[in-house]
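Every number in this text was worked out from the coordinates using simple rules, so none of it is lab data. Being a predicted model, the structure only gives us computed values, none of them experimental.
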Amino acid sequence: MKIENAFRAGLIGSLGVGLGILLMTAIGSLATILTYIGVAFFLALGLDPAVNWLVRKSLPRWGAILAVVLVFLGVVAGIIFTLVPMVIDQIAEFVKTFPAFLQQFTTQPWVVSVSGQFGSLIDLKSLTAQVSKFVSDPTQIGSVAGGVLKIGEGILAGITGIIVVIILTLFFTASLQTIKDTAYSLVPASKRDTFAALSEQITGGVGKYIIGQIELALLNGVLAAIMITVAGGKAALMFGFIAFLLALIPLIGTVLSAVIVSLGQLILVNPTVALISIIYFLVYMQIEAYVLSPKIMTKAVAIPGSIVVIAALAGGTLMGILGALVAIPIAASIVLIVKQIVVPAQNKV
């Protein structure tokens, strides 16, 4: 009898482990879809404050949702049909002139100076010659074509993902209140009001955080493009767009954009423009950290700076860029729950 029970327990345990592995495998396979859903839901939370603001201005909710959706689609269409073609043109121009640029690269004064001082460590002329030989070697066409094909597949997957995210964002924006009401109805009536109030604070804070992060990233991209243009740099729109995308990453986004923009101007133009870029980003990062971020983010996520850093690092390690984006509002939600639920419960006599 004991052997039978042991066998049964082992069988049930094995089935449980197998089911767990199956579920983890399924989640891993659906990682991309879950990422799309997460991004779309967070964007919908970012649009929800605008909907609520229009509702407070005596506009019917369906009209507020329609207005926000139309503005959102207009912004997306404007980016696709105006900014993206210009960025693509600058990238194409860079690729077209790359061979001639590569030949002239070693004759620039700063390159000659660096080669003279550090020629024993880095042979820039030899390195440039190898790159030029690789580009002009017909035997490398296959590998280059394969790489281009993979890039094309990645671009196609990215476009598909953007379309899916936009569609899901529109759906979540239109039905967000219904989703909330359904979630509230699953909570016992005795705790429903408290749960609803806390959820509204959390979702409102998340929405404000997303809007604030987009505002900071947009400001970073626009100012970077203006700085490059004024300093006499090249590909201002392309690098401004890169700065905007990177600035969406909390904490390290502005640093990454500073490194990429400065290196790009160093290679494309000269050390003077690169130095101007470095000085600009150093000044901008101080203004962003001590002036812009406190004013924009304090109303959204009122949590200590140490928790912001830890949350962003942990989220980035676990889930990459998306994890870094969502980790801060999740941390703010946990802090809010602790303050309003856990601490009062512990203080009850």
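Each eigenvalue of the Cα gyration tensor of segment 155-296, multiplied by 5 and square-rooted, gives one semi-axis; in descending order these are 41, 19, 9 Å.
Beyond 12 Å, the tail of the calculated P(r) for segment 34-82 holds 66 percent of the Cα pairs.
Taking 20 Å as the limit for the C-alpha separation, the pairs 57/339; 208/295; 191/339; 191/348 exceed it in the case of 57/339.
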